[in-house]
Each structure stands twice: as C-alpha cells, then as structure tokens.
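Single-structure report; data block below.
The values are calculated or read from the model by the stated rules, or taken from the named source; none is laboratory data. Computed from a predicted structure; not experimentally measured. Cβ atoms come from the backbone with ideal geometry, glycine included; neighbour counts cover every protein chain shown. Protein only, heavy atoms only, side chains kept; ligands, DNA and RNA dropped before computing areas. Shrake-Rupley method; radii C 1.70, N 1.55, O 1.52, S 1.80 Å.
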Amino acid sequence: MLFSIPQSPRWLVQKRRNAEARDVLTRIGEENVESELAQIDASIQAELGQKGAKLFTWPHRIPIFLAVSIAMFNQLSGINAILYYLNDIFERSGFDKVSSDLQAVAIGATNLIFTMLAMSVIDRVGRKIMLLIGSVGTAVCLAGVAYVFWSKAHEGLLVYLLVGFIASFAFSQGAVIWVYISEVFPNRVRAKGQSLGSATHWVMNAVIAGVYPVVAAQFTAAPFVFFSVMMAVQFVVVLWTYPETKGITLEDMQKKLGIGHYA
C-alpha cells in the first residue's frame with residue numbers, strides 16, 4: 001500500500017520538483033497551493049542557511065517540552081507494562097491460563113480497532129481533543145483496575161476495564177504521539193527533535209516495564225493507582241499547555257510556538 005502514498009511536498013521542493021509538489025498539495029486538498037509552496041520554499045531556504053542547528057536552545061524550549069512530555073506520559077499510562085504482563089495480570093485476579101490468553105487476544109484486537117479508528121478521525125477531531133478524551137478514559141479505567149485489585153472483588157470487571165483502557169489509549173496517545181512530535185519542531189531540527197521524543201519514549205518504557213513487576217509483586221493495586229494519577233496530571237498539562245496542531249502547516253506552527261523561520 002505504500003506505493004499509493006505520494007512523496008512529501010517538502011521533499012519534492014527540496015529536490016526542485018515543484019510541479020510534482022504542486023500536484024501532491026492539490027491531491028491532499030490544500031486550498032492555497034501557491035502560498036503553501038512559497039512557505040515551504042522559504043522554510044527550506046532558512047533551514048539550508050542554518051545547517052547544523054542545535055536542538056537544545058532557548059527558542060526550541062516549547063517543542064522540546066511538548067515532545068518529551070507527550071513521550072513520558074505515553075509510558076506513564078502504563079500501556080506497555082500492562083501489555084507485557086497482561087497474562088500475569090489476569091492470572092493474579094484469578095483467571096486460568098486459557099481464559100487469560102483469550103482475554104489478551106481480545107485486548108489486542110481492541111488495540112488494533114481503536115488505533116484504526118483514531119487514524120481515520122485524527123484530522124477531524126484534532127490531536128489535543130483526542131489526548132484529553134484519552135486522558136479521562138484511561139484515568140477512569142485504571143482507577144477501576146486499582147479498585148478491583150485493592151478490594152479483591154469484582155474480578156469479572158477486570159477485562160472490561162482493561163479493554164476500556166486499551167481503547168482509550170489507542171484512540172488517543174497511541175495514535176497522536178508520533179504525529180504530534182513530528183509537527184511541533186521546525187524543519188532545521190525536526191529529525192533531532194523526533195529522535196529526542198522517541199528516545200524519551202523508549203527509555204521511559206524500559207523504566208516502567210522494569211519497575212512494574214517489582215512493585216506489583218508487593219502491592220498489586222499500587223501501579224494502577226500511579227498510572228491513573230499520571231493520566232489525570234496529563235489531562236491538566238494537555239489542557240493548559242498543548243497547542244492544537246490540526247489543520248496548521250508546519251511553517252505556521254513554528255510561528256505559533258514563537259520560533260519563526262529564522263529563530
């Protein structure tokens with residue numbers, strides 16, 4: 001299916017294939033094609049004049065904060081720790097091995113379905129709104145999981161709470177993170193910025209996945225209380241500090257974040 005995807009207009013402009021870039025912009029529904037081409041060309045020229053630009057500078061403080069925080073919150077939801085130890089979680093709540101395996105499959109299917117749903121609506125709903133929706137859904141479901149383990153009752157609700165958590169995550173953080181990180185950095189440091197976000201994501205993944213079984217062995221409910229609180233914190237942080245990137249060109253996003261082409 002990748003053969004049906006057009007080349008990036010920015011890459012085409014970099015290669016001086018402006019006619020092809022114009023066709024691609026028309027295909028994806030850009031209304032002011034010539035204006036967008038001019039903005040792309042201006043940003044590329046600015047980037048060429050600043051090769052070797054440093055990522056960790058004051059003008060880039062906001063994109064760095066956004067990339068690092070969204071990557072950290074992605075893992076502070078507990079998503080990978082839960083997926084890695086899903087069968088153990090079910091077994092600790094009293095399910096047998098066969099039931100645990102079947103429920104793990106159901107949760108995996110939920111992950112796939114809601115990721116595809118998120119991909120289909122992300123440009124209509126918006127990144128920020130999806131993150132806020134996901135924060136509420138994951139926080140509530142994780143709090144429910146914590147209650148089940150703390151009370152040692154209502155174990156039958158566990159699978160529904162975890163399915164709800166996975167659905168909320170896949171519809172929000174799971175789909176938004178990589179899009180968002182790529183949209184907040186200016187061209188000249190985008191590759192470095194995306195690398196920073198990705199590195200933060202996987203370092204946090206290693207830490208959370210490593211600590212989770214140690215804590216859960218002593219206090220089964222504690223990790224889920226922590227994950228739920230982190231999702232509540234994420235809601236506040238996203239609500240007050242995250243800009244919406246839907247429908248905003250990369251060049252206009254630089255201006256919105258106070259960077260500008262030549263910062």
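Ser43 falls short of the stated requirement of being within 25 Å of Ala143 (Cβ to Cβ), touching a residue at least 12 places away in the same chain (Cβ under 8 Å) and either of a type in the set (A, V, I, L, M, F, W, C) or open to solvent by less than 80 Å² (accessible area, probe 1.4 Å) (or both). Among the residues here, Gly174 qualifies as touching a residue at least 60 places away in the same chain (Cβ under 8 Å) and either on the phi > 0 side of the Ramachandran plot or not hydroxyl-bearing (Ser, Thr, Tyr) (or both). Filter the stretch 192-214 down to residues that are within 24 Å of Ala53 (Cβ to Cβ) and polar (S, T, N, Q) and give me whichever is surrounded by the most Cβ atoms within 10 Å (Cβ to Cβ). If we take residues in the stretch 192-214 being within 24 Å of Ala53 (Cβ to Cβ) and polar (S, T, N, Q), then Thr200 is surrounded by the most Cβ atoms within 10 Å (Cβ to Cβ). For the condition among the hydrophobic types (A, V, I, L, M, F, W, C), assigned to a helix (DSSP H, G or I) and open to solvent by 20 Å² or more (accessible area, probe 1.4 Å), Ala217 qualifies. You will find that of Phe224, Phe169, Phe185, the residue that is open to solvent by less than 50 Å² (accessible area, probe 1.4 Å), within 21 Å of Ser120 (Cα to Cα) and aromatic (Phe, Trp, Tyr) is Phe169 and no other.
Out of all the residues in the stretch 233-259, which are part of a helix (DSSP H, G or I), open to solvent by 50 Å² or more (accessible area, probe 1.4 Å) and in contact with a helix residue (DSSP H, G or I) (Cβ under 7 Å, 6 or more places away or on another chain)? Matches in the stretch 233-259: Phe235, Leu239. Each residue in the stretch 70-86 was checked for being open to solvent by less than 10 Å² (accessible area, probe 1.4 Å), farther than 16 Å from Ala143 by Cα and polar (S, T, N, Q), and 2 pass.
Within the stretch 47-69, if we keep just the residues that are among the hydrophobic types (A, V, I, L, M, F, W, C) and outside any loop (DSSP other than H, G, I, E, B), the residue that is most open to solvent (accessible area, probe 1.4 Å) turns out to be Trp58.
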